[in-house]
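The values are calculated or read from the model by the stated rules, or taken from the named source; none is laboratory data. All figures in this text were calculated on a predicted structure; none of them were measured in a lab. Positions of Cβ are backbone-derived with ideal geometry, glycine not excepted, and every protein chain shown enters the neighbour counts.
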């Protein structure tokens with residue numbers, strides 16, 4: 001009987017030692033403090049939406065006249081492209097449509113391109129896109145254009 005009491009005491013001591021070494025029981029532990037996670041908004045650059053509804057970033061060419069292709073930007077070299085604005089130098093190829101567009105000739109005009117007015121893109125609202133383009137002609141320009149022209153961009 002004394003052996004049984006001794007065995008029980010040793011067993012209880014061993015269990016108590018293991019429990020202490022392992023820490024307190026999960027039920028006795030305090031709940032962990034709530035972790036607050038800050039979600040950072042995506043900082044992807046805005047896009048320029050092309051005629052086929054593809055998002056473009058710093059394109060080297062861009063069609064301005066999607067319907068007939070009579071005005072396009074080429075050889076674009078971007079010096080700025082951020083959340084507020086984009087800026088490039090390039091060439092605007094414009095059809096003179098004389099005597100009519102199918103028989104007209106394309107002429108190259110040096111141009112400065114500015115993009116601004118970023119907005120969420122309707123097709124992908126999590127993506128921001130430029131909604132206005134401004135063209136500035138430092139020298140020659142198409143006869144029907146002013147020295148600076150602005151157009152809304154499609155959404």
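Looking at (1) surrounded by 10 or more Cβ atoms within 10 Å (Cβ to Cβ); (2) at pLDDT below 95, find the lone condition where residue 86 falls short.
Going through (1) surrounded by 10 or more Cβ atoms within 10 Å (Cβ to Cβ); (2) at pLDDT below 95 one by one, residue 86 breaks only (2).
Step by step: first the residues of region 125-139, then only those that are farther than 14 Å from residue 85 by Cβ and within 10 Å of the chain's Cα centre (by Cα), then the one that is surrounded by the fewest Cβ atoms within 10 Å (Cβ to Cβ). Which residue is that?
For region 125-139, the residue satisfying everything is 126.
What's the total number of residues in region 126-143 that are touching a strand residue (DSSP E or B) at 6+ places or on another chain (Cβ under 9 Å) and in a loop (DSSP other than H, G, I, E, B)?
8
Can you tell me which residue in region 57-75 is nearest to the chain's Cα centre (by Cα), limited to those that are under 22 Å from residue 128 (Cα atoms) and surrounded by 15 or more Cβ atoms within 10 Å (Cβ to Cβ)?
Only one residue fits best here, namely 59.
From the set of residues in region 144-155 that are in a loop (DSSP other than H, G, I, E, B) and touching a residue at least 60 places away in the same chain (Cβ under 8 Å), which is nearest to the chain's Cα centre (by Cα)?
This residue is 155.
With (1) touching a residue at least 40 places away in the same chain (Cβ under 8 Å); (2) at positive phi as the list, and residue 58 as the residue in question, which single condition is left unmet?
(1)
Among the residues of region 89-102, is any in a strand (DSSP E or B) and in contact with a helix residue (DSSP H, G or I) (Cβ under 9 Å, 6 or more places away or on another chain)?
Yes - at least one qualifying residue is present in region 89-102.
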